[in-house]
Amino acid sequence: MSKLVELIQHGGKGKPRIWRIWVEGDRVFTEYGSQGGKMVPTEDVPGSKGKKGTKAYISPEEQAALVMERKVKRQRARGYVGLDEEPVSDIEWDGPLPSSLRFAKPINNAPKGFLEENAEKILWTPKKNGMCHLVTRIGPRIYIQTRDKMHDVGDWFPHLKREFFDVMPSMSIVMAEIVVGRGRTKKDFLAMGSISRSKAERAQLIQRDNGGVNAYIFRVPFWRGVHLEADVSCAGLLEHMAKLPETEHISAAPVFQGNYKEVCKELLKRRYEGFVGYLAKGVYGDESYNFKGREDRPKVAWKLRLSQVQGGRATEDDFVACWNPAGKGMHCSSSCHYPSTGDQSESESLGRCGVCKKKLVPDGTWGTGRYMEKVGSLSLYQYDEEGVSQYIGDVSSGLTAADKTKLADPELYPLCVRVSYKDRDYVTDGGRSNALAHPTFEGVRKDKEWTECVNPDL
């Protein structure tokens, strides 16, 4: 048995949460639950990786140890610390931002009619098709970090580091979408993904061909050490942002105001990915940021996607994708809705759905014909606000021949993927399941963690 690792997460709702992990041979065991309460056990058997007898081979025992190491790292990024460690509670201004820091995000779907009825009270900024980064200046140093894993990627964009130094004073943080070109097309997004997946030297070479990526500032949480979002209204924050100087590659998001029809008309005309609507008098307050590794979604900002105003065209959202058709049962064929993580774990341990009592089926399916032993479909999940992973359905449409081959490795999962669909149901709205109508696979989100696929409507 390996050494037991025990972590605790403070600052959430209710009691602190405890998480434990250890390895016995080729098996990984975890337990989690509220401090002093009942612990929910899980067990995983990762298996070997690679071909036996080659340098790439990893034995089942070694793979189990690696899985444990990755899971501990992931939990620490979500704000868990050792029992004798002090949790991170504030920004220290002594280096890169901590990996557990998360700034609030807009709500994905506004209540029906809300945006139409309150458009005059809302200020809109366009949403670019790029990748979100946090930029911090501390004295002479500039840190550019990815939003999901908080990796410092300043060496990927040296021209932006130079320009941000001229735009920002010390002890300031801005949130910016880094884009290729104008950041309005899928081609721009894919090009940005290619840069972010490359090593620093290669990323710089790619940018020499297109003039360098651009940064599009859309939020200014901190300025000269002052937490602006603590008590300044969204209108005040956007006014402050609009006064930032522009450089060759850095600009602030334009602000648009108008009734709902005008907003939709502007969205269709400009072909932005979408708009983010901010309640002019709204204040982020204590929900501006946290160190829980998962963003709050305060009722001050909402997304309005282009697909929502295109007259019946598909809506897009992000999902957790899983694929292991030879593995154990993970969900039931009726797409039942689990009320808690305890109910879900109990169902998985019994191999039967705790709601409908059907036998659980593995994630994803095999392909057929020339795609034998390749991906046939991926199983999709989203987290509800209580942290329960709800099965949504499977997707096969949109998977190319290359996708079916490249993604045919259970070790790649879970993944964050983008899926479009015509319509969907919610159990919370009286639907029989949370299923999607006509889902289509659009691609893997390399810039986003699968743990971020949270849908408050579930």
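The values are calculated or read from the model by the stated rules, or taken from the named source; none is laboratory data. Remember, predicted model here, so these are calculated numbers, not experimental data. Using ideal geometry, Cβ is built from the backbone for each residue, glycine included, and neighbour counts are taken over all protein chains shown.
Overview of values
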read-out	value
Qualifying positions in the stretch 159-173 - crowded, with 18+ Cβ neighbours inside 10 Å, touching a residue at least 60 places away in the same chain (Cβ under 8 Å) and of a type in the set (A, V, I, L, M)	Leu160, Val167, Ile173
Residues (touching an Asp or Glu at 6+ places or on another chain (Cβ under 7 Å), touching a residue at least 60 places away in the same chain (Cβ under 8 Å) and not hydrophobic (A, V, I, L, M, F, W, C)) located in the stretch 391-427	Arg418, Ser420
Residues satisfying the stated conditions in the stretch 352-383, i.e. in a loop (DSSP other than H, G, I, E, B) and either of a type in the set (S, T, N, Q) or surrounded by fewer than 21 Cβ atoms within 10 Å (Cβ to Cβ) (or both)	Gly354, Val355, Cys356, Lys357, Lys358, Leu360, Pro362, Gly367, Thr368, Met372, Glu373, Lys374
Close pairs (8 angstrom Cβ cut-off, 6 or more residues apart or separate chains): on the phi > 0 side of the Ramachandran plot and modelled with pLDDT under 90 in the stretch 371-390, part of a strand (DSSP E or B) and surrounded by fewer than 21 Cβ atoms within 10 Å (Cβ to Cβ) anywhere	Glu373/Trp366
Residue match in the stretch 439-446 (condition: modelled with pLDDT under 95, under 26 Å from Cys132 (Cα atoms) and either among the hydroxyl-bearing types (Ser, Thr, Tyr) or in a helix (DSSP H, G or I) (or both))	yes
Scope the stretch 168-184; condition at pLDDT below 95 and out of contact with any Gly (no Cβ under 8 Å at 6 or more places or on another chain); matching residues	Gly181, Arg182, Arg184
Glu229 in the same structural domain as Asp286 (by TED's automatic domain parsing) and either within 16 Å of Phe165 (Cα to Cα) or within 26 Å of the chain's Cα centre (by Cα) (or both)	yes
Single match in Gly47, Gly53 (criterion: at positive phi and touching a helix residue (DSSP H, G or I) at 6+ places or on another chain (Cβ under 7 Å))	Gly47
Test: residue in the stretch 10-25 that is touching a residue at least 12 places away in the same chain (Cβ under 8 Å), closer than 19 Å to Leu412 by Cα and exposed (fewer than 15 other Cβ atoms within 10 Å of the Cβ)	no
Test result for Lys281, assigned to a loop (DSSP other than H, G, I, E, B), out of contact with any strand residue (DSSP E or B) (no Cβ under 9 Å at 6 or more places or on another chain), in the same structural domain as Val213 (by TED's automatic domain parsing) and surrounded by fewer than 18 Cβ atoms within 10 Å (Cβ to Cβ)	yes
Residue check, Ser198 among the small types (Gly, Ala, Ser) and surrounded by fewer than 17 Cβ atoms within 10 Å (Cβ to Cβ)	yes
Residue in the stretch 393-412 that is assigned to a strand (DSSP E or B) and at pLDDT below 90 present	no
Unique match (being in the same structural domain as Tyr426 (by TED's automatic domain parsing), in contact (Cβ under 8 Å) with a residue 60 or more places away in the chain and surrounded by fewer than 19 Cβ atoms within 10 Å (Cβ to Cβ)) among Ser340, Ser349, Ser333	Ser349
Given (1) over 16 Å from Ser172 (Cα atoms); (2) surrounded by 13 or more Cβ atoms within 10 Å (Cβ to Cβ), number of the condition Val232 does not satisfy	(1)
